[in-house]
1. Which one of these does Leu56 not meet: (1) among the hydrophobic types (A, V, I, L, M, F, W, C); (2) farther than 25 Å from Gly210 by Cα; (3) in the same structural domain as Leu171 (by TED's automatic domain parsing)?
2. How many residues are buried (at least 18 other Cβ atoms within 10 Å of the Cβ), among the hydrophobic types (A, V, I, L, M, F, W, C) and either outside any loop (DSSP other than H, G, I, E, B) or at pLDDT below 95 (or both) when one looks only at the stretch 71-89?
3. Looking at the stretch 64-74, is at least one residue among the aromatic types (Phe, Trp, Tyr) and assigned by TED's automatic domain parsing to the domain that holds Val174?
4. So how many residues does the stretch 1-58 have that are touching a His at 6+ places or on another chain (Cβ under 7 Å) and of a type outside the set (Gly, Ala, Ser)?
5. I want to confirm something. Restricting to the stretch 194-212 and keeping residues that are under 15 Å from the mean Cα position of the chain (by Cα), hydrophobic (A, V, I, L, M, F, W, C) and in a helix (DSSP H, G or I), which single residue is nearest to Glu26 (Cα to Cα)?
6. Go through the stretch 147-178 and give me each residue that's charged (D, E, K, R), in a helix (DSSP H, G or I) and over 14 Å from Ala69 (Cα atoms).
Amino acid sequence: MKLYWGPHTCAIGTHVLLEEIGRPYEAEKIDVAGGATKEPWFKAINPKAKVPTLVLDDGRVLTEFGAIAVWLARQVPHLNLLPTDPDEEERALSLMDYAVGTIHGQAFARMFMPEKFEPQDPVHQTLGLGQGSVKKQGRQMIEEAFAIVDGQLGSRQWAAGDTFGVADAALFYVERWAPQVDVALPANMAAHFERVKARPAVAKVMQVWGES
C-alpha cells in the first residue's frame, strides 16, 4: 500500500491507522500547499485532487478519510479499530463523521480557507462580512463542536468501544489543529489527545511528520 500525504492535513490520521494495523506500506510526502494535488500526475491517481489518497497493492485507489479508515479497520478485525457491537460501531462512525464532516469540513475550513466561504455579493461586502467574519464564525463553530465532543467523551478512554479506533484517529487530527487557531482543547479532549500521542504508532508517525 502507498499513502500520499501532505503536512498539516488530515492524512496524519490515516497514516496513524496504517501504522496501527502493522501491514507493509509506503508513505510519500507531497507538497499539498504548493499545489501538488492539482498536478496532472496526481489527478491521474485521484481526480478529487486531495489527500489522504491510498493506493492498494492491486492498484485500486481509496479516497476520503472515513472510507479509508473503515477499509483499514476491516482488514484487521481482531484489533477492534471499528467496534463489533452495533451501538459502539454507530458511536464510532458518528464521531468520526462529525470530526471529518463538521469540525474539519465546516469549522476548521473556515479558519484555514476563509476565501472559500467569504460572501461575494455587494450587500455582504458593504456590511464588511468578509474573511474576518468567516474566521470568527469558524472559531465559534470549533468551540461549540469541541464542547459537544468533550461531553460525549466524558470519562471514556477511547471514543468508542474499549480500544483505540477509527474515531480516535479522526479526533486526533482535529485536536492537533487546535493550537494552530489558538483554541484550547476542553479537558476531556485534551486528555484524549495526550493518550493518542502516547501510542507507539502515533509517536512514530509524528516523528515522520516532524512533530512531537
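1. With respect to (1) among the hydrophobic types (A, V, I, L, M, F, W, C); (2) farther than 25 Å from Gly210 by Cα; (3) in the same structural domain as Leu171 (by TED's automatic domain parsing), Leu56 is out only on (3).
2. Count: 2.
3. Of the stretch 64-74, the ones among the aromatic types (Phe, Trp, Tyr) are 65, 71.
Then drop every residue that is not assigned by TED's automatic domain parsing to the domain that holds Val174, which leaves none.
Within the stretch 64-74, not a single residue is among the aromatic types (Phe, Trp, Tyr) and assigned by TED's automatic domain parsing to the domain that holds Val174.
4. Qualifying residue count for the region: 3.
5. Of all residues in the stretch 194-212, those under 15 Å from the mean Cα position of the chain (by Cα) come to 196-197, 202, 205-206, 209.
Retained after the next criterion (residues that are hydrophobic (A, V, I, L, M, F, W, C)): 196, 202, 205-206, 209.
Applying the additional criterion that residues be in a helix (DSSP H, G or I) yields 196, 202, 205-206.
Numbers: Val196: 22, Val202: 16, Val205: 12, Met206: 15 Å.
Only one residue fits best here, namely Val205.
6. First, the residues of the stretch 147-178 that are charged (D, E, K, R): 150, 156, 162, 168, 175-176.
Cutting the leftovers down to in a helix (DSSP H, G or I) gives us 150, 168, 175-176.
Asp150, Glu175, Arg176, listed by residue number.
The values are calculated or read from the model by the stated rules, or taken from the named source; none is laboratory data. As the structure is a prediction and not an experimental result, all values here were calculated from the model. FYI the Cβ positions are ideal-geometry reconstructions off the backbone, even for glycines, and counts take in every protein chain you see.
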